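Here the structure comes first, spelled out in structure tokens, and everything after it is commentary.
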Amino acid sequence: MAKQVKLNVGIEDNLEEITLEIPESTPRPWDGQADLKYVSKRVPRVDGEAKTTGRAKYTFDIQLPGMLYGKFLRSQYPAAVIRKIDTSKAENYPGVKAIIPVQEKLPMIVRFAGQEILAVAAETRHQAEEAVKLIDVTYDVRKFVVNKEAAMEKSAPIVFDTNVEEKSAENKPGEESGSIEQKSNIRGPRVTPRDGTPDKVDAALAGSDATVEATFRTQVQTHSPMETHGVVAHWTAEDKLKCYASTQGVFHVRDELANTFSLPKSNVQVITKFMGGGFGAKLSMSIAGFMAAKLARKANRPVRLMLDRKEEHLCVGNRPDSVQTLRIGAKKDGKLTGIKLISYGTAGVGTGAGTSGPARNIYQYDEFYAEESDIFTNAGPGAAFRAPGHPQGAFALEQAIDELAHKLNIDPLEFRLLNTKHNDVRQVQLKIAAEKSNWKKRNPRPGADSGPIKRGIGIANSVWYYFYGQNFQVSTRVFSDGSVQVTNGVQDIGTGITTVIASVAAEELGLKPSDIVVSIGDSEYGFGPSSGGSVTTGGISPAVRDSAYLAKMRMFEIAAPLLETTPENLVAADGKIFLKTDPAKNLSWNDVAKKIPGDNFITIGERKQDYFQPKIRTIHGVHVIEVAVDTETGVVKPERVFAVHDCGRSMNLLTTESQINGGIIQGLSYALYEDRLLDRNTGIMVNPNFEYYKIAGSMDIPEIKSVILNVSYGHNSTGAIGIGEPATVATAGALANAIYNAIGVRLRELPMTPDKVLRALEMRKGAES
Amino acid sequence: MKKFEYGMAKNLAGAFEFLKESEAKIKAGGIDLLDLMKEGLESPTRLVNIRTVPELSFIKKDEKGNLHIGATTTLAEIAAHSEIQTRYRALAQAAKAVATPQIRNVATVGGNLCQRPRCWYFRSADFNCLRNGGDHCLADEGENKYHAIFGNQDGCVVVHPSGTAVALMALDAKLVIARKKESREIHIADFWVTPEDDVTRENILKHDEILTEIILPATEKSTTSYYFKQKEKQSFDWPIADVAVVLEMNGKKCTASKIVLGSAAPVPWRIEKAEQVLKDKQISVTLARQAAAAAMVDANPLSQNAYKVPVFSAVIYRTICWAAGIDPFAA
């Protein structure tokens, strides 16, 4: 059964009416005129108190009776063949209960310093650490290469002598799979068939009135979540595995464990009640999960295997680096003609160094062509990292766009408006940025400030894509005492989905968010999404609302005879169920609940395909950054960030704002400080810590002001779209453009540390004299 | 980490008693030592805690006007001390600039002076650094962005990490080193050991000795000082350059000065060439810049740290100006 609804959809108050057919069992979608009490408002995190008081138990906090501590032995060489492993001394070390090699048969090939060789489980962490030191490994040390330019040379040591396939757990939207050529350490170039050809883009560029060609370099960034990777594995029966995991995907990890140990899905439970950040690196189980479960089975005891900070830097993912050569051109009137991108980068022993997303998907152009290659090096593997490829790509593209605008003597913001006319949301965002940020107060001439400390303002665009996933099942259970529990397996990776679920259910049921008990983070509950690709909120919130809607309908059926009416005449608000036409005729939620037959009832909402595909399939953002650059010390200090973002309908302005703040902070940290440094002579990371792997601290964070645009499409019952990834894409590019505005010199390499600022200033001085 | 005994000394005599064990180590705040122990670079069989010795924590003035600071006085206590803030401003600023509030509340000034270098090769068990018994310096031809631009030709290119050392050098401090019942007073400049003299140590303290006290000479009203630490980040970070400047003023004229650099060389690095530029001159931004240029004449950067030369130049001229009470950015 279907019903027709009329909706007012659009950007903010600029709405148009549409008619939509939706299933009878679903509520009328929230549209641009929806008057809501909790959703799209500032609702504090329902688990905030548990987190700030330490009551919240993260994987790191799990302690089970009889639990052992696991520890990896890792290779100290970046390239070697292991011929022999002698564990006899370690086996006899006090407390040691199990030792399991990662690879059963030798020889084993080592491809990066830090690669796991075996794992030990012992009674105490200290015993496990000491036992690992007693293991003798006979290495046949090979030549290695950690520098990607060196890796591209013919004489370079070969990292893989077989073809490497893309890892499936990585979330890299917009890329088409297919076999990609691999020659020695170069995998690629990958060309996207729907793009144009090199000839066409060259012709378009040749016909331009102005072109910019430049090469940009970005560094390797590690995910550095507060909570490291790890699990506590517990075999509760011979064929039943329970696993507490710090993961972004309880169902995915459940599947991996079930496959590895040939168990039915029903016999594997993965639990993530609280999670201390992942940023893409925790989408799969990781070798820690697999080894912890093996150790636990062998020792017949629960095993905790959490990585330390050094291991976290070395082995479980990073944002690949890049070298991007961009050629872009435009006509005198500012219209972009073509964009050509040749990009390569290294994800170490992993894949996924592509950067073309922003160049392909932000602007209108006549022609586009990109070649992207992965270079294998003897370094820890890359992994999906908050908008894979995009901060790198935007750093290059947005500087090139800026440079082209300057060449054509067009205001960089105006230039962006001119070339995004196809995208109404972006047009609105750029106009807001022009009006509400300090954009108009920037230096008309770059580097115009007197004195050694110069200020500037820069702008950049962000892009990401709307994904959501399907078939997630959310249940709402109403008990006869009126209490309500909403359940789904989805994990809260720190972004606030728990609060969103409570708010959406409360909104629908006419209750308060604090009235809703949210049970999540368990693969034994209804199917939920992995938190990657910014899918969680858009994936789960419609199912939450739909299930709550069905629960409300059940409550109306119970209430209707008591209020001498029919269910369609009832509404629920403020803890009451009452007649639409006569609010005085009401019953409290709890009084209606008392009449529930038996103890409770459950309704299920299912995430189906959206009612239609929204016209605009990208999500956007604009960052305007103000900076002070000390031209004598090269130190860059961001002073203010103004951000405009959209994510369909924000489910909670507070947590959306948190996501934007977090994205900007991570973006600034990437732009200015973070850099995984491998020693050129040994291939070993020199800064696997937080002293010399520098991350922005509280004093480094400027004032951040964000505008969250409400964009209603009416494509599902809530209209939510994710924000995690787009929030970090524009930052580094906007900061680089701000630095240019401040000092009149472009920094084409990340991180923009004092040495690079001073070198760029020096080179300009040299060029002038 | 290896197993160890832990003793809490009640007084200095007790501390020396505990120290008899040849593999014993003194622990004050523990900030530096525990990191080294966790990495397996130090494995004492016994730790002697001297933070429990009341007679080592004090700030007091003697009848001659000298200021005495006990070795386990915390950096937070020094930073907050009003007399240090006014008469020995550079020291208060240096103490305040260390790490984070949490660390300053625990870290002691003695420990700050005696901490070991922060070189990433030295600090990691993954590398066989010269200072840890290896056969050559790994930073010299390796990753040396944060390493020395002075005094770096004797095999090891670490930089001295203590900001309070830099301030105390400029302030002409003396150190008291105790050994059982004896004690001796040395000038802080004689405390440091260069890589040329012994690459395995950074100061002259012997195993059975304890740094107990710092003595700051009485100052005239005409003495002014300033310390500045330049970091890449604003939050917790090791400096890329730090400088302490002490000026003796006669009216507007500078009669004498001390300029000492940290994070520049394996030991705190005094720059007499720069001091000479200031002598008997009226301080101005121009003069300060001349002094800074003179300070960098002998700099010898490595493959990745040439940028530190202009950074030091900037920090030196600015700090001279701040010490003299003039605005370095005045047009």
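For (1) modelled with pLDDT under 95; (2) within 14 Å of chain A (Cβ to nearest Cβ); (3) assigned to a loop (DSSP other than H, G, I, E, B), each residue gets a yes or a no:
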position	(1), (2), (3)
B:Cys254	no, no, no
B:Lys258	no, no, no
B:Val267	no, no, yes
B:Ala274	no, no, no
B:Ala292	no, yes, no
B:Asn300	no, no, yes
B:Val311	no, yes, no
B:Pro328	no, yes, yes
Got a number for residues in segment A:183-228 being of a type in the set (A, V, I, L, M, F, W, C) and either crowded, with 20+ Cβ neighbours inside 10 Å or assigned to a strand (DSSP E or B) (or both)? 9
Looking at (1) surrounded by fewer than 17 Cβ atoms within 10 Å (Cβ to Cβ); (2) within 14 Å of chain A (Cβ to nearest Cβ), which is the only condition B:Ile204 fails? (2)
Just one listed residue, out of A:Glu639, A:Glu657, A:Glu632, is at pLDDT 95 or above, more than 11 Å from every other protein chain (Cβ to nearest Cβ) and not in a helix (DSSP H, G or I), and it is A:Glu639
Search segment A:229-255 for residues being of a type in the set (A, V, I, L, M) and either assigned to a helix (DSSP H, G or I) or at positive phi (or both), and hand back the single one that is surrounded by the fewest Cβ atoms within 10 Å (Cβ to Cβ). A:Val250
Determine if segment A:740-760 includes at least one residue that is under 30 Å from B:Phe127 (Cα atoms), in contact with a Gly (Cβ under 7 Å, 6 or more places away or on another chain), surrounded by fewer than 19 Cβ atoms within 10 Å (Cβ to Cβ) and not aliphatic (A, V, I, L, M). no
Across segment B:72-113, what is the total count of residues that are in contact with a strand residue (DSSP E or B) (Cβ under 9 Å, 6 or more places away or on another chain) and either polar (S, T, N, Q) or outside any helix (DSSP H, G or I) (or both)? 12
Here's a check for you: in segment A:285-319, which residue that is in a loop (DSSP other than H, G, I, E, B) and not polar (S, T, N, Q) is nearest to A:Ala384 (Cα to Cα)? A:Gly317
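So that you can scan it fast, the table gives a plain yes or no per residue for (1) under 27 Å from B:Lys231 (Cβ atoms); (2) in contact with a Leu (Cβ under 9 Å, 6 or more places away or on another chain):
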| residue | (1), (2) |
| --- | --- |
| B:His136 | no, yes |
| B:Asn144 | yes, yes |
| B:Asn152 | yes, yes |
| B:Met169 | yes, no |
| B:His207 | no, yes |
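For segment A:27-135, which helices (runs of 4 or more DSSP H) that fit wholly inside it have 1 or more residues that are more than 30 Å from A:Leu570 (Cα to Cα), touching a strand residue (DSSP E or B) at 6+ places or on another chain (Cβ under 8 Å) and within 14 Å of chain B (Cβ to nearest Cβ)?
A:125-133
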Identify the single condition in (1) within 14 Å of another protein chain (Cβ to nearest Cβ); (2) surrounded by fewer than 17 Cβ atoms within 10 Å (Cβ to Cβ) that B:Ser222 does not satisfy, given that it satisfies every other one. (1)
Matching option when the condition is of a type outside the set (Val, Ile, Thr) and more than 21 Å from A:Gly393 (Cα to Cα), among A:Gly329, A:Gly289, A:Gly345, A:Gly338: A:Gly289
Scan segment A:455-470 and give yes if some residue there is part of a strand (DSSP E or B), of a type in the set (S, T, N, Q) and assigned by TED's automatic domain parsing to the domain that holds A:Glu749, otherwise no. yes
Can you tell me which residue among A:Gly70, A:Gly54 is in contact (Cβ under 8 Å) with a residue 12 or more places away in the chain, under 26 Å from A:Asp308 (Cα atoms) and outside the structural domain of A:Ile684 (by TED's automatic domain parsing)? A:Gly70
Tell me, which residue of segment A:675-705 that is surrounded by fewer than 21 Cβ atoms within 10 Å (Cβ to Cβ) and within 30 Å of A:Gly648 (Cβ to Cβ) is nearest to the other protein chains (Cβ to nearest Cβ)? A:Ile701
Residue within segment B:238-250 that is at pLDDT 95 or above, within 30 Å of B:Val48 (Cβ to Cβ) and within 14 Å of another protein chain (Cβ to nearest Cβ) present: yes
Here are some conditions: (1) modelled with pLDDT under 95; (2) more than 30 Å from A:Ala405 (Cβ to Cβ). A:Thr487 meets all but one. Which one does it not meet? (1)
Taking A:Ser462, is it closer than 30 Å to A:Lys335 by Cβ, surrounded by 18 or more Cβ atoms within 10 Å (Cβ to Cβ) and touching a strand residue (DSSP E or B) at 6+ places or on another chain (Cβ under 9 Å)? yes
Which residues, taken from segment B:128-149, are more than 13 Å from chain A (Cβ to nearest Cβ), over 16 Å from the mean Cα position of the chain (by Cα) and either part of a loop (DSSP other than H, G, I, E, B) or free of Cβ contacts under 8 Å to residues at least 24 places away in the same chain (or both)? B:Gly133, B:Asp135
Restricted to segment A:434-472 and to residues being hydroxyl-bearing (Ser, Thr, Tyr) and more than 14 Å from chain B (Cβ to nearest Cβ), the residue farthest from A:Leu761 (Cα to Cα) is A:Tyr468
Is there a residue being farther than 29 Å from A:His390 by Cβ and aliphatic (A, V, I, L, M) anywhere in segment A:457-469? no
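Matching residues to (1) touching a residue at least 24 places away in the same chain (Cβ under 8 Å); (2) closer than 27 Å to B:Pro195 by Cα:
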position	(1), (2)
B:Lys281	yes, no
B:Thr286	no, no
B:Ala292	yes, yes
B:Leu302	yes, yes
B:Ala323	yes, no
Against the condition in contact with a Lys or Arg (Cβ under 6 Å, 6 or more places away or on another chain) and either touching a residue at least 12 places away in the same chain (Cβ under 8 Å) or buried (at least 24 other Cβ atoms within 10 Å of the Cβ) (or both), how does A:Val323 come out, does it pass? yes
Within segment A:365-380, can one find any residue that is in a loop (DSSP other than H, G, I, E, B) and without any contact (Cβ under 8 Å) to a residue 40 or more places away in the chain? no
Would you be able to say whether some residue in segment A:715-729 is under 25 Å from A:Val635 (Cβ atoms) and part of a loop (DSSP other than H, G, I, E, B)? no
Condition (residue is in contact with a His (Cβ under 8 Å, 6 or more places away or on another chain), assigned to a helix (DSSP H, G or I), surrounded by 23 or more Cβ atoms within 10 Å (Cβ to Cβ) and of a type outside the set (D, E, K, R)) applied to segment A:256-272: is it met by at least one residue? no
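The values are calculated or read from the model by the stated rules, or taken from the named source; none is laboratory data. Predicted model only: the values in this text are computed from it and were never measured. Because the Cβ atoms are built from the backbone with ideal geometry, glycine has one as well, and the counts that use them run over all protein chains shown.
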